[in-house]
Amino acid sequence: MTIPAEADIAELAALLNGAQKVTILAGRGCRTAHAELVTLAGVLQAPIVHALGGKEFVEYDNPYDVGMTGLIGFASGYDAMMACDVLLMLGTDFPYRRFYPEKAKVAQIDLIPENLGRRTAIDIGLVGDVGATLAALIPRVKTGRDGSFLKSAIENYAESRKGLDDLAGGTPGSGVIHPQHVARVLSEQAADDAVFACDVGTPTVWAARYLKMNGRRRLIGSFNHGSMANALPQAIGVQAAYPERQVVTLSGDGGLAMLMGELLTVRQLGLPVKIIVFNNGTLGFVEMEMKAAGLVETGVALDNPDFAAMARAIGIHGVRVTDPGDVEAGIRDVLAHPGPALLDAVTARTELSMPPKITLEQMKGFTLYMAKAIISGRGDEVVELGKTNVGLLKRLF
């Protein structure tokens, strides 16, 4: 077990003891350090922001967790990072530099030496196993800290969480399925030890925001490389290795289409993978980036087939839902099926997955996009965007 030198641990303890507002950013390096992480946060009265790679190991049974930051996070995680005077990074190589605080001191503990200081300037860097290092650090950290910063961060998280949950519903008969609704219901109905594999882009956003972890569930994806079409192949591998566990994909329509032949692999091997397709007819994350840059989306539209009918044609149980009133029954049907099964959820194309902090440039870009869309005769898209995201826009403005 790798542990930093005593002098280095003492230096870090001195930094933490002299700080008023400490925020912890925890990643996948905390996989075996849950107990130590929660204990340290309690002593420091520090909110914990989790990176995507740390979601499954950090957020469960954790009264100090305040969500995520970054492009797929939400406001409470961003605010906790920006408001601290010391940021303690634990087992994470969080890559998005514009989401780091500009004035706080930064300390980092990581087992991989080259990760230290790679994303942002650090004041202290320790090479060590996170759990063992925290166990050595905790006795040196002073107790009795004012909890006002933590209290404020937790209240902010509750507000952010409520805002997200308010978006994760639907009106039966409306014909508009919000992808958040699908992800929330999936989380509620999936097994306690389910393994989720999510495609990159918006399926990762919905997985990060709505799948609840409990210490037994797993969440895998192409989080480092951002490779498309990863969910189904990963699910096939997991299901083959763990035939008794429930394995579920959150597949984008573009991702599934890229490796659609793997459906034949699922059928051939008889693997009971459950495939949830977010069928919004576009490469959604790319479309969002174009709009934020002020561009009218080009080359992202997908002319999709009925994925459920295709699944049935090759011997896979297929269910298609087009209305919010059918989401719960459709997911229940697919998860309960004893063999491979696919849910084709036809979701709203114009759903916005907003980052926690909207920059002035993004606001200008989005305004420019709407002007260009109207001028080019695509004003109906702007109207549809407003209708689909009315709840989100009310919260923002």
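Filter the range 235-275 down to the residues that are in contact with a helix residue (DSSP H, G or I) (Cβ under 6 Å, 6 or more places away or on another chain) and touching a residue at least 60 places away in the same chain (Cβ under 8 Å), then identify the one that is farthest from R209 (Cα to Cα).
Top of the filtered list is L271.
Is it fair to say V43 is in contact with a Ser or Thr (Cβ under 7 Å, 6 or more places away or on another chain), part of a helix (DSSP H, G or I) and open to solvent by 20 Å² or more (accessible area, probe 1.4 Å)?
Taking the combined requirement at face value, the residue satisfies it.
I'd like to check something: does the range 185-199 contain any residue that is modelled with pLDDT of 95 or more and more than 27 Å from R31 (Cβ to Cβ)?
yes
Would you confirm, using the coordinates I've provided, whether L25 is open to solvent by less than 10 Å² (accessible area, probe 1.4 Å) and over 19 Å from R209 (Cβ atoms)?
No: the conditions fail for L25.
Among Y78, Y96, Y60, which is surrounded by fewer than 22 Cβ atoms within 10 Å (Cβ to Cβ), modelled with pLDDT under 95, out of contact with any strand residue (DSSP E or B) (no Cβ under 8 Å at 6 or more places or on another chain) and of a type outside the set (G, A, S)?
So the residue among Y78, Y96, Y60 that is surrounded by fewer than 22 Cβ atoms within 10 Å (Cβ to Cβ), modelled with pLDDT under 95, out of contact with any strand residue (DSSP E or B) (no Cβ under 8 Å at 6 or more places or on another chain) and of a type outside the set (G, A, S) is Y96.
Applying the selection to the range 296-326, what residues are open to solvent by 50 Å² or more (accessible area, probe 1.4 Å), among the aliphatic types (A, V, I, L, M) and in contact with a Leu (Cβ under 8 Å, 6 or more places away or on another chain)?
Across the range 296-326, the qualifying residues are L302, M310, I314.
Determine which member of the set A329, A311, A257 is modelled with pLDDT under 95, of a type outside the set (V, I, T) and not in a loop (DSSP other than H, G, I, E, B).
Of A329, A311, A257, the one residue that is modelled with pLDDT under 95, of a type outside the set (V, I, T) and not in a loop (DSSP other than H, G, I, E, B) is A257.
From the list G128, G91, pick out the single residue that is out of contact with any helix residue (DSSP H, G or I) (no Cβ under 8 Å at 6 or more places or on another chain), under 18 Å from T2 (Cβ atoms) and touching a residue at least 12 places away in the same chain (Cβ under 8 Å).
Answer to the selection: G128.
Does L52 count as open to solvent by 10 Å² or more (accessible area, probe 1.4 Å), over 25 Å from S148 (Cβ atoms) and of a type in the set (A, V, I, L, M)?
Spelling it out, L52 is indeed open to solvent by 10 Å² or more (accessible area, probe 1.4 Å), over 25 Å from S148 (Cβ atoms) and of a type in the set (A, V, I, L, M).
Can you find a residue in the range 283-294 that is under 16 Å from H181 (Cβ atoms), buried (at least 17 other Cβ atoms within 10 Å of the Cβ) and either in contact with a Gly (Cβ under 7 Å, 6 or more places away or on another chain) or modelled with pLDDT under 95 (or both)?
yes
Show me the helices (runs of 4 or more DSSP H) found entirely inside the range 120-234 where at least 1 residues are under 15 Å from S251 (Cα atoms) and either of a type in the set (A, V, I, L, M) or open to solvent by less than 30 Å² (accessible area, probe 1.4 Å) (or both).
Answer list for the range 120-234: 179-189, 202-210.
Among the numbered conditions (1) open to solvent by less than 30 Å² (accessible area, probe 1.4 Å); (2) modelled with pLDDT of 95 or more; (3) out of contact with any Cys (no Cβ under 7 Å at 6 or more places or on another chain), tell me where T69 comes up short.
(2)
Kindly list the number of the only condition in (1) modelled with pLDDT of 80 or more; (2) out of contact with any strand residue (DSSP E or B) (no Cβ under 8 Å at 6 or more places or on another chain); (3) open to solvent by less than 20 Å² (accessible area, probe 1.4 Å) that fails for L343.
With (1) modelled with pLDDT of 80 or more; (2) out of contact with any strand residue (DSSP E or B) (no Cβ under 8 Å at 6 or more places or on another chain); (3) open to solvent by less than 20 Å² (accessible area, probe 1.4 Å) applied to L343, the lone miss is (2).
The values are calculated or read from the model by the stated rules, or taken from the named source; none is laboratory data. Fair warning: this is a prediction, and the values are worked out from it, not measured in the lab. Ideal geometry is used to build each Cβ from the backbone, glycine not excepted, and the neighbour counts take in all protein chains shown. Ligands, DNA and RNA are excluded from the accessible area calculation, which covers all protein heavy atoms including side chains. Shrake-Rupley method; radii C 1.70, N 1.55, O 1.52, S 1.80 Å.
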